[in-house]
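For reference, the structure is listed below as structure tokens.
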Amino acid sequence: MPDIKSYDVIILGAGPAGLTAAIYTSRGLLKTLVIEKLGSGGQAALTNEIENYPGFPEGVNGYELAQKMDEQAKKFGAEFEYGEIAGIVKDEAGFTVTASGNTYSARALIVATGVSPRKLGIEGEDKFIGNGISFCATCDAAFYKGKTAAIIGGGDSAIVEANFLTRFASKVYVIHRRNELRASKIVSDHAFKNNKIEFIWDTVVKGVAGDKKLEKLSLENVKTGALSELTVDGMFLYIGGIPNTDFLSGIGVALNSKGFILTGGNMNTNIPGVFAAGDIREKEFRQVITAAGDGALAAYGAENYLEELRR
Ligand code: NAP
């Protein structure tokens, strides 16, 4: 029998939603474990500048913000384990979670595992990931000093990062499959005024080529069918995210058709004792502040649930 560590709440994922939940549950004296695959902050930690998080009129670096949240959760006693979640079982103890060979149990779970970046799914893509294809301009922009890069996508992530990349690159192409951006107006207007950014509308990437590094993209105009090639030093993919819920299959948490978790007012799911917060849940407005708000609500929901169990 493996050694099982028991907690009141296990929080899966240490992005802004999970970290906020951990601040609230541990401050509420619930024995809290956070299990995270990589490092604290999730997608937000890969954002160079967050301009709309309250309290930071000059903007704040996503990594630094996440580190502060992490520190705050630890200050109140939240424990952290780093590893991949292998499975969850619902049992008499509540929920038993296995991660990287260790086993943990808790009466309540808060799922805040966010999304993983979507790939294009074209031939040759995997070969160039790390060799000219990146999912993080904040991490890799410095390699593009004086170089040319393409950003794929038309959402907030793509356009925010295109703007950021122009601090380094001499030219940034934004390649979008439609002829209007999904990104918010303020972010889009910033990019439209940026003379280092050139938009390539109604276009998708059909192929990638290069020797050891990515050198060329094959493009197709989806309206005219016209094919073309574009020489670039790199390509950044910002075409949305795939929800990280594989490990939930064993406990029957209800998802929508795109795989996002369905939640009620206190971030409760259809399974009593399981709550969800942040980008992983079905919602309209994905922001760091809404993820943090979800995390606080999920913690409140979990606290009430545990209180009910004690009665
Ligand atoms: P998103 O809003 O889902 O945008 C994804 C973009 O990729 C869309 O433009 C979409 O095109 C395109 N796309 C999707 N699949 C594609 C494919 N297979 N091939 C080519 N293009 C494809 O994702 P996101 O930009 O990562 O943003 C996620 C959430 O975080 C959003 O709610 C966003 O508002 C939020 N966010 C906010 C900020 C901010 O406020 N500063 C910053 C970053 C992210 P279509 O438009 O045609 O669907």
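The values are calculated or read from the model by the stated rules, or taken from the named source; none is laboratory data. For clarity, every value in this text was computed on a predicted model and none was experimentally measured. Here Cβ is always computed from backbone atoms with ideal geometry, including for glycine, and neighbour counts include all displayed protein chains.
Residue 218 - would you say it is hydroxyl-bearing (Ser, Thr, Tyr) and within 11 Å of the ligand (Cβ to nearest atom)?
Considered against the rule, which asks whether it is hydroxyl-bearing (Ser, Thr, Tyr) and within 11 Å of the ligand (Cβ to nearest atom), residue 218 comes out as no.
Consider residue 263 carefully, then state whether it is under 24 Å from residue 93 (Cα atoms), assigned by TED's automatic domain parsing to the domain that holds residue 18, under 20 Å from the mean Cα position of the chain (by Cα) and not acidic (Asp, Glu).
Answer is yes for this residue.
Scan the range 116-127 and report the pairs whose first residue is of a type in the set (D, E, K, R) and whose second residue is within 8 Å of the ligand (Cβ to nearest atom) and in a loop (DSSP other than H, G, I, E, B), with Cβ atoms within less than 6 Å and a gap of 6+ or a chain change.
The qualifying pairs are 118/239; 118/240.
Do we find a residue being more than 12 Å from the ligand (Cβ to nearest atom), out of contact with any Cys (no Cβ under 8 Å at 6 or more places or on another chain) and over 24 Å from residue 70 (Cβ atoms) anywhere in the range 284-291?
Pass one, the range 284-291, residues more than 12 Å from the ligand (Cβ to nearest atom): none.
There is no residue in the range 284-291 that is more than 12 Å from the ligand (Cβ to nearest atom), out of contact with any Cys (no Cβ under 8 Å at 6 or more places or on another chain) and over 24 Å from residue 70 (Cβ atoms).
Can you tell me which residues in the range 266-285 are surrounded by 24 or more Cβ atoms within 10 Å (Cβ to Cβ), within 23 Å of residue 183 (Cα to Cα) and either in contact with a strand residue (DSSP E or B) (Cβ under 8 Å, 6 or more places away or on another chain) or at pLDDT below 95 (or both)?
Keep residues of the range 266-285 that are surrounded by 24 or more Cβ atoms within 10 Å (Cβ to Cβ), which gives 267, 269, 274-281.
In the following step, the residues that additionally are within 23 Å of residue 183 (Cα to Cα) were identified as 277-281.
Residues satisfying the conditions are 277, 279, 280, 281.
Could you tell me which numbered condition residue 294 fails, if it satisfies all but one of (1) acidic (Asp, Glu); (2) surrounded by fewer than 19 Cβ atoms within 10 Å (Cβ to Cβ); (3) under 27 Å from residue 89 (Cβ atoms)?
Here residue 294 meets the rest and fails (2).
Just checking, does the range 304-311 include any residue being among the basic types (Lys, Arg) and either at pLDDT 95 or above or surrounded by 14 or more Cβ atoms within 10 Å (Cβ to Cβ) (or both)?
Kept after step one, since they are among the basic types (Lys, Arg), are these residues of the range 304-311: 310-311.
Those left that are additionally either at pLDDT 95 or above or surrounded by 14 or more Cβ atoms within 10 Å (Cβ to Cβ) (or both): none.
Among the residues of the range 304-311, not one is among the basic types (Lys, Arg) and either at pLDDT 95 or above or surrounded by 14 or more Cβ atoms within 10 Å (Cβ to Cβ) (or both), which makes the answer no.
Output the residues belonging to the range 229-253 that are loosely packed, with under 14 Cβ neighbours inside 10 Å and either in a loop (DSSP other than H, G, I, E, B) or touching a Phe, Trp or Tyr at 6+ places or on another chain (Cβ under 9 Å) (or both).
Answer for the range 229-253, where residues must be loosely packed, with under 14 Cβ neighbours inside 10 Å and either in a loop (DSSP other than H, G, I, E, B) or touching a Phe, Trp or Tyr at 6+ places or on another chain (Cβ under 9 Å) (or both): just 252.
What pairs come up if the first residue lies in the range 162-179 and is closer than 13 Å to residue 142 by Cβ, the second is at pLDDT 95 or above and within 11 Å of the ligand (Cβ to nearest atom), and their beta carbons are under 8 Å apart, counting only those six or more places apart or on different chains?
Sorted first by the residue in the range 162-179, then by its partner, the pairs are 165/151.
I need a count of the residues in the range 156-187 that are closer than 24 Å to residue 284 by Cβ, buried (at least 19 other Cβ atoms within 10 Å of the Cβ) and of a type in the set (Gly, Ala, Ser).
Of the residues in that region, 4 qualify.
Answer yes if at least one residue in the range 76-87 is in a strand (DSSP E or B) and aromatic (Phe, Trp, Tyr), and no otherwise.
yes
How many of the residues in the range 87-113 are closer than 27 Å to residue 283 by Cβ and away from the ligand (no atom under 16 Å from the Cβ)?
Within the range 87-113, residues that are closer than 27 Å to residue 283 by Cβ and away from the ligand (no atom under 16 Å from the Cβ) number 13.
Based on this model, can you work out whether residue 215 counts as without any contact (Cβ under 8 Å) to a residue 24 or more places away in the chain, surrounded by fewer than 19 Cβ atoms within 10 Å (Cβ to Cβ) and on the phi < 0 side of the Ramachandran plot?
It is false that residue 215 is without any contact (Cβ under 8 Å) to a residue 24 or more places away in the chain, surrounded by fewer than 19 Cβ atoms within 10 Å (Cβ to Cβ) and on the phi < 0 side of the Ramachandran plot.
Of all the residues that make up the range 194-212, how many are more than 16 Å from the ligand (Cβ to nearest atom) and assigned to a strand (DSSP E or B)?
Counting residues in the range 194-212 that are more than 16 Å from the ligand (Cβ to nearest atom) and assigned to a strand (DSSP E or B) gives 2.
Could we say that residue 112 is buried (at least 20 other Cβ atoms within 10 Å of the Cβ), within 18 Å of the chain's Cα centre (by Cα) and not assigned by TED's automatic domain parsing to the domain that holds residue 276 here? Can you show your working first?
Working: buried (at least 20 other Cβ atoms within 10 Å of the Cβ): yes; within 18 Å of the chain's Cα centre (by Cα): yes; not assigned by TED's automatic domain parsing to the domain that holds residue 276: no.
No, not satisfied.
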